[in-house]
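The values are calculated or read from the model by the stated rules, or taken from the named source; none is laboratory data. Fair warning: this is a prediction, and the values are worked out from it, not measured in the lab. In this analysis, Cβ positions are derived from the backbone assuming ideal geometry, glycine residues included, and neighbour counts consider all displayed protein chains. When the accessible area is computed, the model is the full protein with side chains, heavy atoms only, and any ligands, DNA or RNA have been set aside. Shrake-Rupley method; radii C 1.70, N 1.55, O 1.52, S 1.80 Å.
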Amino acid sequence: MHDPNLHIRGVFLVTTTVVIGGGITGLSTLYYLQKEMNEKNLDMQLVLVEGDDTLGGKIRTFSDGEFTMETGADSIVARKSNVAPFLEELGLSDQVVYNATGISYIYNEDGLNKIPADAVFGIPIGLESLVQSELISAEGKVEALKDFYTTNETFTMNDSLGLFLETFLGKELVQKQIAPVVSGVYSGELNDLTIASTFPFLLEYKNKYGSIIKGLSENKHIYLGAANKKFISFKNGMSVLIDRMEELLADAQIYKGIKAESVEKMDKRYIVTLADGRKIEADYVVFSNSSLQAQELLQDNQLAEDFSQLHTKSMISIYLGFDVPDSQLPSDGTGFISVKESDVLCDACTWTSRKWEHTSKGRRLLLRLFYKSSNPEYARLVRLSEEELKSVALQDIAKSLGLTAEPVTAEVTKWHENMPNYHLKHREIVDSLELKLEQGYPNVLLAGCSYYGVGIPDCIANGERTAHVIVDRLLQK
């Protein structure tokens, strides 16, 4: 391992790459850089700078007694093609657990209503799924049939997802069944999200099959295969992934608990100044932290124009564990998403002990509630203390599930202004940033969920692409 302090001004010893941000994208970038370095026998120094005391970013597992909880992401989408090979390469295949199958609900003024099992993000896979929906009126189902006989002549990947879906599936199906589910995954309103940044395959299906529903039906093995095991976690929680990646990064110098304070251009290289006064000279710099943090580090007015147009949202996550059996919930359910008109304040509630058996060793009930900044009540909620928030969550559980027991454990996590929110001009802004960086800051690269996809598989793939870009440039010198 090289000592980054040897790479001092005026003495070029080895190519140095500094990755700022130790979340899943930053770790993936380093992992693939190290892999390429060893396979191609490259002389490269790898440095990771993370301001927190632990790596992982939004991935962090903690335990309290028999309960296992996640402060951020609780799973990985299993169907993404890069997931299984990556986990096998890391030697984690034997640690994988899948979500328990079950019905998801939408909670509205009528209480809990089942989302059809044969649906992808609330979108029916076939006529039977549409007909069986408890959430849509007969008129709404008839309106959705226009998907089978209307053609797409105008929509492109950069258009509004909400407008696209309403045009072909009708307003009622979108607003009552699809929008609550999609908004539960992406922080934003459907009309403000692009097709490209969410579900590009839906446009491809519409163009290829003439129908969104038919396209999903023809490809249902992708979404409903593997016994409906759609999500992956690990026996001891999501941090297993982070710990394993850190363990494998033997050739990297990792700084934890030390923030990067500035990145300054010097000739053809860069000076990364850390909070402890240390200065690292780098040939390549990767910003895998948030867009807000990247903007602060670069302090460039031209870049700030674009950075300021990237939107973020906030969220509060509340876990509540109870000394009551998990079986007290509806036997076939794994959670609900609430609509705006309901009598609860939460946006969603996951029945964690039901969905993930490893999170409650004694099969006692563990619930997780989400409150998003798009919620009209969020401005008030975010100012509440943890005890007050726990009280709000308990009221929501009493209304929605009829549960009035006192919790034996509780955990509140506030994610403030660090949940990326892709709007209609997101891709255009990222393209502009990339161009300006290429012109003004060669070999400074953006990476991560602020720009290129919010899912863990997307972040891993983005880290791999970023590593390949650096290696390709290095080999061309």
Odd one out for residue 330, checked against (1) within 30 Å of residue 368 (Cβ to Cβ); (2) within 25 Å of the chain's Cα centre (by Cα); (3) not hydroxyl-bearing (Ser, Thr, Tyr): (2)
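Determine if region 282-291 includes at least one residue that is among the charged types (D, E, K, R) and free of Cβ contacts under 8 Å to residues at least 40 places away in the same chain. Step through it out loud before you land on a result.
Filtering region 282-291 for residues among the charged types (D, E, K, R) gives 283.
Subsequent filtering for residues that are free of Cβ contacts under 8 Å to residues at least 40 places away in the same chain retains none.
Looking for residues that are among the charged types (D, E, K, R) and free of Cβ contacts under 8 Å to residues at least 40 places away in the same chain, one finds none in region 282-291, hence no.
Of all residues in region 398-407, which are over 18 Å from residue 348 (Cα atoms) and surrounded by fewer than 16 Cβ atoms within 10 Å (Cβ to Cβ)? Outline the logic, then answer.
Within region 398-407, the subset over 18 Å from residue 348 (Cα atoms) is 404-407.
Across region 398-407, the qualifying residues are 404, 405, 406.
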Those residues of region 323-339 which are open to solvent by 40 Å² or more (accessible area, probe 1.4 Å), in contact (Cβ under 8 Å) with a residue 40 or more places away in the chain and not acidic (Asp, Glu), in sequence order: 325, 328, 330
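Is it fair to say residue 298 is of a type in the set (A, V, I, L, M, F, W, C), more than 19 Å from the chain's Cα centre (by Cα) and buried (at least 21 other Cβ atoms within 10 Å of the Cβ)? If you could, list the steps in order and put the result at the bottom.
Values: of a type in the set (A, V, I, L, M, F, W, C): yes; more than 19 Å from the chain's Cα centre (by Cα): yes; buried (at least 21 other Cβ atoms within 10 Å of the Cβ): yes.
Considered against the rule, which asks whether it is of a type in the set (A, V, I, L, M, F, W, C), more than 19 Å from the chain's Cα centre (by Cα) and buried (at least 21 other Cβ atoms within 10 Å of the Cβ), residue 298 comes out as yes.
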Residue check for residue 361: in contact (Cβ under 8 Å) with a residue 60 or more places away in the chain, charged (D, E, K, R) and out of contact with any helix residue (DSSP H, G or I) (no Cβ under 7 Å at 6 or more places or on another chain): yes
Filtered residue count, region 199-245, keeping only those that are open to solvent by 10 Å² or more (accessible area, probe 1.4 Å), farther than 29 Å from residue 357 by Cβ and of a type in the set (Gly, Ala, Ser): 2
From the options 135, 165, residue that is part of a helix (DSSP H, G or I) and buried (at least 21 other Cβ atoms within 10 Å of the Cβ): 165
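Residues that are open to solvent by less than 40 Å² (accessible area, probe 1.4 Å), without any contact (Cβ under 8 Å) to a residue 40 or more places away in the chain and not assigned by the TED database to the domain that holds residue 22: does region 377-390 have at least one? Spell out the reasoning first.
Taking region 377-390 and keeping what is open to solvent by less than 40 Å² (accessible area, probe 1.4 Å), we get 378, 381, 384, 389.
Those left that are additionally without any contact (Cβ under 8 Å) to a residue 40 or more places away in the chain: 384.
If we keep only those that are not assigned by the TED database to the domain that holds residue 22 too, we end up with 384.
Looking through region 377-390, at least one residue is open to solvent by less than 40 Å² (accessible area, probe 1.4 Å), without any contact (Cβ under 8 Å) to a residue 40 or more places away in the chain and not assigned by the TED database to the domain that holds residue 22.
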The lone exception for residue 147 - which of (1) within 29 Å of the chain's Cα centre (by Cα); (2) surrounded by 20 or more Cβ atoms within 10 Å (Cβ to Cβ) it fails: (1)
Filtered residue count, region 307-317, keeping only those that are in a loop (DSSP other than H, G, I, E, B) and buried (at least 21 other Cβ atoms within 10 Å of the Cβ): 1
Some residue of region 222-245 being farther than 30 Å from residue 349 by Cβ and of a type outside the set (Phe, Trp, Tyr): yes
Residues located in region 74-110, provided they are of a type outside the set (Asp, Glu), free of Cβ contacts under 8 Å to residues at least 24 places away in the same chain and not in a loop (DSSP other than H, G, I, E, B): 84, 85, 93
Qualifying residue in region 449-471 (condition: in contact with a Phe, Trp or Tyr (Cβ under 8 Å, 6 or more places away or on another chain), among the polar types (S, T, N, Q), open to solvent by 10 Å² or more (accessible area, probe 1.4 Å) and assigned to a loop (DSSP other than H, G, I, E, B)): no
Breaking point among (1) surrounded by fewer than 17 Cβ atoms within 10 Å (Cβ to Cβ); (2) more than 25 Å from the chain's Cα centre (by Cα); (3) of a type in the set (S, T, N, Q), for residue 342: (1)
Meets criteria (assigned by the TED database to the domain that holds residue 24, modelled with pLDDT of 95 or more, crowded, with 18+ Cβ neighbours inside 10 Å and under 27 Å from residue 72 (Cβ atoms)) for residue 320: no
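Take residue 103 and tell me if it is surrounded by fewer than 19 Cβ atoms within 10 Å (Cβ to Cβ), touching a strand residue (DSSP E or B) at 6+ places or on another chain (Cβ under 6 Å), at pLDDT below 95 and of a type outside the set (Lys, Arg). Talk me through it step by step, then tell me what you get.
Details: surrounded by fewer than 19 Cβ atoms within 10 Å (Cβ to Cβ): yes; touching a strand residue (DSSP E or B) at 6+ places or on another chain (Cβ under 6 Å): yes; at pLDDT below 95: yes; of a type outside the set (Lys, Arg): yes.
So residue 103 passes the test.
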